[in-house]
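For reference, the structure discussed in these notes is given below.
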């Protein structure tokens, strides 16, 4: 798994192009302030240990959110951090479980639309720990 975490004073997105036939067509436009965005690439080799990888991802997201004094986390599938990609259903199921686990731990958690290219606007401060990359 590759995980790029970016803290943002203001993060907004808008659906642009649907790139997975298996997802429903819809439009969404959303803005969130004081948020940690997890740009997440689940890789093929993660499929065999998906529960372990999911737990490591959640621990890292909580740590980075706490370091940036926020309880808001957005999970964003970002299949551009590696050439290796896990099955889309495995990835989406993991995102759904992680969102629930984070929510149950007291975080305001959401996901960007899965299976879409998005127009993104990220206002990220230039401070320590506002951008963190992890690989596991």
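None of the figures in this text is laboratory data; all of them are computed from the coordinates on show. Values in this document were obtained by computation on a predicted structure and should not be read as measured data.
Observations, loosely collected:
- Between residue 110 and residue 28, full extension at 0.36 nm per residue minus the direct alpha carbon distance yields a gain of 28.2 nm.
- Residue with peak Gaussian network fluctuation, the chain [Cα springs, cutoff 10 Å], from 33, 54, 43: 33
- For the chain, the 222 nm mean residue ellipticity estimated from helices alone, with every DSSP H stretch of n ≥ 4 adding -39500 (n - 2.57) and the total spread over all residues, rounds to -8500 deg cm²/dmol.
- Between residue 93 and residue 122, the contour length at 0.36 nm per residue exceeds the alpha carbon distance by 7.8 nm.
- Whole-number percent relative contact order across the stretch 1-49, with pairs defined as alpha carbons under 8 Å at least 6 apart: 55
- Stretching residue 100 away from residue 20 to a fully extended chain increases their span by 26.5 nm, per 0.36 nm per residue minus the current alpha-carbon distance.
- Take every pair of alpha-carbon atoms less than 8 Å apart whose residues are at least six positions apart; their mean separation over the length of the chain yields a relative contact order of 42 percent.
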